[in-house]
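Report on one structure; see the data block that follows.
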């Protein structure tokens with residue numbers, strides 16, 4: 001083989017190896033991506049049951065069910081649609097009805113089985129994904145007014161707004 005051909009073969013093999021390495025890296029990255037969905041998005045286009053995702057919204061009033069087992073059942077709403085959630089474990093101290101939460105897990109038989117539940121960390125905070133979902137559904141002002149009237153958010157014109 002001529003020197004020019006050897007160089008061409010080396011470049012071709014190197015390019016092929018680089019492409020395989022990039023494909024493996026992207027494949028591993030895709031498996032670790034967790035998409036955020038609102039209850040309305042889940043109702044309108046149910047995800048595959050093996051797909052890991054996050055769902056965010058408000059814990060629907062009157063929906064928390066504890067039956068003595070470590071599994072807690074509740075519904076997450078964006079005030080337009082709701083999704084039933086089952087979680088086994090200790091819930092965060094700030095978890096309660098009417099508050100913003102983000103749950104991570106998978107859909108199984110029409111129920112979102114969460115393996116992690118994150119609650120808002122103070123009375124003025126709502127996870128950005130939850131706020132965006134409420135704004136998109138047109139329920140943001142209604143929820144903001146409800147939170148202000150319930151003392152969960154400072155009134156307009158006060159410190160922090």
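Pop a pseudo-label 7 angstrom from the Cα along the beta-carbon direction at both residue 14 and residue 69 and give the gap in nm to one decimal.
If labels sit at residue 14 and residue 69, their model points lie 5.9 nm apart.
Take peptides 77-89, 7-19, 106-118 and line them up by average Cβ neighbours within 10 Å, highest first, as a rough protection proxy.
Going by the mean number of other Cβ atoms within 10 Å, highest first, we get 77-89, 106-118, 7-19.
What nm value, rounded to one decimal, do you get for the distance between residue 6 and residue 25 when each label is placed 7 Å out toward the C-beta?
3.0 nm
Since every read-out is calculated from the coordinates, none of them should be taken as a lab result. Model, not experiment: these values are computed from the prediction. Positions of Cβ are backbone-derived with ideal geometry, glycine not excepted, and every protein chain shown enters the neighbour counts.
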